[in-house]
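The values are calculated or read from the model by the stated rules, or taken from the named source; none is laboratory data. Bear in mind the structure is a predicted one, so any value in this text is a computation, not a measurement. Every residue, glycine as well, gets a Cβ built from its backbone with ideal geometry; the counts of neighbours run over all protein chains shown. With ligands, DNA and RNA removed, areas are computed over all heavy atoms of the protein, side chains included. Shrake-Rupley method; radii C 1.70, N 1.55, O 1.52, S 1.80 Å.
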Amino acid sequence: MNKVLVTGAAGFIGSHLVDRLLEAGYEVAGLDCFTDYYSPGAKRRNLSRALARERFTLIEGDLLHLDLDGTLDGVEGVAHLAGEPGVRSSWGERFPTYLERNVQTTQRLLEAASRGGLGRFVYASSSSIYGSSDGGPVSEAGALRPASPYGMSKVAAEEVIGLYARERGVPSTLLRYFTVYGPRQRPEMALSRFISAILSGEPVEIFGDGEQAREMTYVADVVEATVAALEAEPKERVRAYNVGGGTRTTVGSLVNLVGGAIGERPEARYCPPVPGDVRSTWADLERSRRELGYNPRVSLEEGVEEQVRWALVERRSLARV
Ligand code: NAD
Ligand code: UGA
């Protein structure tokens, strides 16, 4: 495979994937419309390294409206990461945005993909499709019981992909990422908020009792799984894989870990639980280890330290502006 289209290229995970593919010598087209879900300026900074590379092209446009004719010319693999993230903000009036950005965009891209001889369509799905995994690690055969409109929109996107794989022959891989963290993490996610609060000398906000548990995955591990999925020989027309970090923590323990990495004693403010927030996520990684050769390498302690280091550099450079 030589040329890859990455959608959501300016986002947290997409920008790391772009950097990694360029490093490996791929030609990369990155597509993004810089939504205002969080600062578009932060997204532009995410792409600064890639924009200096010759083998990178930025396609600035909205997948919902963009004329996709020609966009896939010469493209052998698509990594479709564009979407509206955020579990807790997906209720109420924002629901149509989740349908547009997660479901309709996916269908439009697949329609274009089904016209050419695409080698692989890789989708950034989510642990949110399972809902809470209270009984231990969940495998890809686990029931899909999303607890939020966001999770439901990711189930719907997976269904659309299954449809185009079966009926229109688009060879597809569904990667179910579990709570991803590391440098460039979205600012509303837990770890980003905890680091920012502690560095500012403010209390961290814990939603609920802090005993909810997350399988957490370092972004470089997620990127390795995504590259492996682009390169792997397909086992079936559509195949799903869990992408977890092989490590879990409660939210309360995560706060203490961040405090330790920064060298401060965090103060916590307990807030009411938020709808859609699942009690536990836990990935069974057997299939992704066996079929993708996936092996998460970064421990939670190392990963948290990396994100703290990055946040400190960001704060210093933003303070200079
Ligand atoms: P992100 O918000 O940083 O990146 C998504 C990018 O998609 C943004 O840059 C946004 O501008 C772009 N985008 C959104 N709608 C678009 C459209 N219509 N046209 C073009 N560009 C559009 O989010 P992220 O955390 O990097 O997540 C990337 C993908 O992975 C998402 O699909 C998300 O649902 C999925 N995911 C993320 C996590 C996580 O923990 N971060 C876990 C599971 C799944
Ligand atoms: C994350 C991503 O945000 C989703 O895009 C992704 O699809 C999902 O993972 C997934 O794995 O599928 P979430 O697990 O809610 O969703 O990640 P965080 O935002 O980092 O929250 C983790 C936990 O911390 C949640 O229980 C949340 O309620 C809690 N939290 C978050 C707080 O207690 N305080 C905060 O300030 C922020």
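What to note about this one:
- log₁₀ of I(q)/I(0) at q = 0.14 Å⁻¹ - the stretch 32-95, Debye sum with one point per alpha carbon: -0.57
- Whole-number accessible area per residue in Å² for the chain, which is evaluated in the context of all protein chains at 1.4 Å: 44 Å²
- For the chain, the orientation-averaged shadow of the C-alpha convex hull comes to 15.6 nm² (one quarter of the hull surface).
- For the chain, the antiparallel share of DSSP beta bridges with both residues in that region comes to about 5%.
- Pairwise label distance in nanometres, GLU167 with GLU205, each label 7 Å out on the Cα-Cβ vector: 4.3 nm
- Accessible surface for SER125 stands near 0 Å², nearest 10, in the context of the full protein assembly shown (1.4 Å probe).
- Taking the accessible area of the chain, probe 1.4 Å, and keeping the other protein chains in place, the carbon and sulfur fraction comes to 48%.
- In this entry, the stretch 188-321 is assigned a mean projected area of 10.0 nm², taken as a quarter of its C-alpha convex hull surface.
- Length gained when the stretch ARG49-ARG145 is fully extended (0.36 nm per residue, less Cα-Cα span): 30.7 nm
- Computed over the stretch 90-195, Kirkwood Rh from alpha-carbon pairs, angstrom: 15.2 Å
- Here the stretch 105-199 is assigned +1 on the Cβ of each Lys and Arg and -1 on the Cβ of each Asp and Glu. Its dipole about the Cα centre then comes out at about 280 debye.
- All other residues whose Cβ lies under 10 angstrom from that of GLY201 are scored, Lys and Arg at +1 and Asp and Glu at -1, for a net of -3.
- Each peptide among 132-145, 103-116 gets the average number of other Cβ atoms lying within 10 Å of its residues, and from highest to lowest they stand as 103-116, 132-145.
- The residues neighbouring ASP32, those whose beta-carbon lies less than 11 Å from its own, together hold a net charge of 0 under the Lys/Arg +1, Asp/Glu -1 convention.
- Each principal axis of the Cα cloud of the stretch 158-206 was evaluated for its coordinate range; sorted largest first, these ranges are 55, 20, 13 Å.
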